[in-house]
1. Please compute the contact order of the range 224-339 in relative form: average sequence separation of alpha-carbon pairs under 8 Å and at least six residues apart, divided by the residue count, as a percent.
2. First compute the accessible area of the range 294-411 with a 1.4 Å probe, then give the percent of it belonging to carbon and sulfur atoms.
3. Any number yet on Rg/Rh for the range 9-124, C-alpha, Kirkwood?
4. Amide H of GLN193: which non-local residues (sequence gap of 5 or more, or other chain) have their own amide H closer than 5 Å, using H built in the peptide plane?
5. How big is the gap, in Å, between the Cα center of the range 303-377 and the Cα center of the range 16-50?
6. Kindly state, to the nearest 0.05, the FRET efficiency for ASP393 paired with SER56, given R0 = 41 Å and r defined as their beta-carbon distance.
7. If you roll a 1.4 Å probe over the heavy atoms of the protein chains, what accessible area per residue do you get for the chain, in Å²?
8. Quickly work out the ARG409-to-ARG67 label distance, labels modelled 7 Å from Cα along the C-beta direction, and quote it in nm with one decimal.
Amino acid sequence: MLFPASATTTEMSEPTEQKPSDHFSDYAFDTKAVHCGWDPFAEPTGAVMPPIYMTSTYVQDGPANPRNGYEYTRTQNPTRFALQDAIAALENGTSAFTCSSGMSAIHTLMLTLKPGDLIVAGRDLYGGSHRLFNQIQARFGLRYQYIDTGDQAALENLPADTRLLYLETPSNPTLCVTDLKVAVATAHKLGAQVAVDNTFATPALQRPLDYGADYVIHSTTKYICGHSDVVGGAIVVNDPKLAETIWFHQNSAGTQNSPFDAFLTLRGLRTLHLRMERHCLNGMRVANFLQDHPEVEKVLYPGLESHPNHAVACAQMEGGFGGMVSFVLPGGVPQATALVNNCKLFVLAESLGGVESLIELPAPMTHASMPPEKRREIGIEDGLVRLSVGIEDTDDLIADLEQSLNASRLD
Ligand SMILES: Cc1ncc(COP(=O)(O)O)c(C=O)c1O
């Protein structure tokens, strides 16, 4: 989609151009993942993979007469467009806008709101989202309220003046699952919009736009890229009017990702379906192993029958429950710290969604920006451990957890 650099929201025309992904609309998800976003037959050189267009600007044939619509890379870049089209196709959206990080995608979405607007958000979101909402955007007049979006009654009682319902499902780090049908129906009845951070599930397992959500958010840093070598984000919509609004705010605020990052992220996305299959398999086996281990107090994984919203997860996630598994150790931070220090294969690091297995403690790490009492209130106990289960051999992963759990046992 080629929006002009100078456009304001009111000046922009409806996007009519055919996108490379349109050729693949009848194909299955796995085929789309491999091909969408780039058409080698339409490229002058026939390049099978998209070149990295490392240019900030483009020659014009006359004043305000850009060649093929390309004016300036903040506004248009072919490598970014390839990634955007591919992500839009996988989420069953019409447009995607890729950003310099997941936070920049969330920030761009919130820029479309105005002072006084009420955003009702899931209470257990990524800690950085809480920080952005409470410490930055609240200063500009946005109002935030937090609810347990895993609780159907709470969802059905959204405040009447809700402007946007913002949630993660499964959420980070407690793996709370929200019923998307209920969320969308209640919000839309009030005239509110719904944004779903789909970072944990990815479109390989769950496509919120199919449930009527208005926006999908991604930290593409995670599974979409999948190799822990790029930071990025995306906003996906399936309504041309919303696309215009997001585009206008992104172009004006300059929150895009670089062509090089777009290239790497698209390269990672080509194997999303295969990686997710293995993440799901390993995640399920690790969750079962932890559930049976005497040192473990509680396991949080949507694929386990013990998960409070297991039935909802079964209904709205296809093909598995992902690679994120959280669990609680009764010995709190000392035991959890001993565990991570004893791991040989699981690497102690923030982030998630890469091919390699990572382990982290939300309380002192990814969710440290939340006040401790708030953390405990929403289930982020001091002994909570979060795993990003990678695609290594499953037995090796379980053996590593077993030896580290045994070595960190409290006597
Ligand atoms: C669910 C979720 N959303 C958004 C973000 C922010 O993404 P980024 O780190 O790419 O800015 C994260 C980061 O961990 C996340 O886990």
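The values are calculated or read from the model by the stated rules, or taken from the named source; none is laboratory data. Everything numeric in this text was worked out from a predicted model, so none of it was measured. With ideal geometry, Cβ positions are generated from the backbone for all residues, glycine too; neighbour counts draw on all protein chains shown. Accessible surface areas use protein heavy atoms only, side chains included; no ligands, DNA or RNA. Shrake-Rupley method; radii C 1.70, N 1.55, O 1.52, S 1.80 Å.
1. 25
2. It is 54 percent, rounded to a whole number.
3. 1.02
4. LEU164, LEU165
5. If you average the Cα positions of each part, the centres end up 36 Å apart.
6. About 0.40, to the nearest 0.05.
7. 40
8. Modelled inter-label distance: 7.1 nm.
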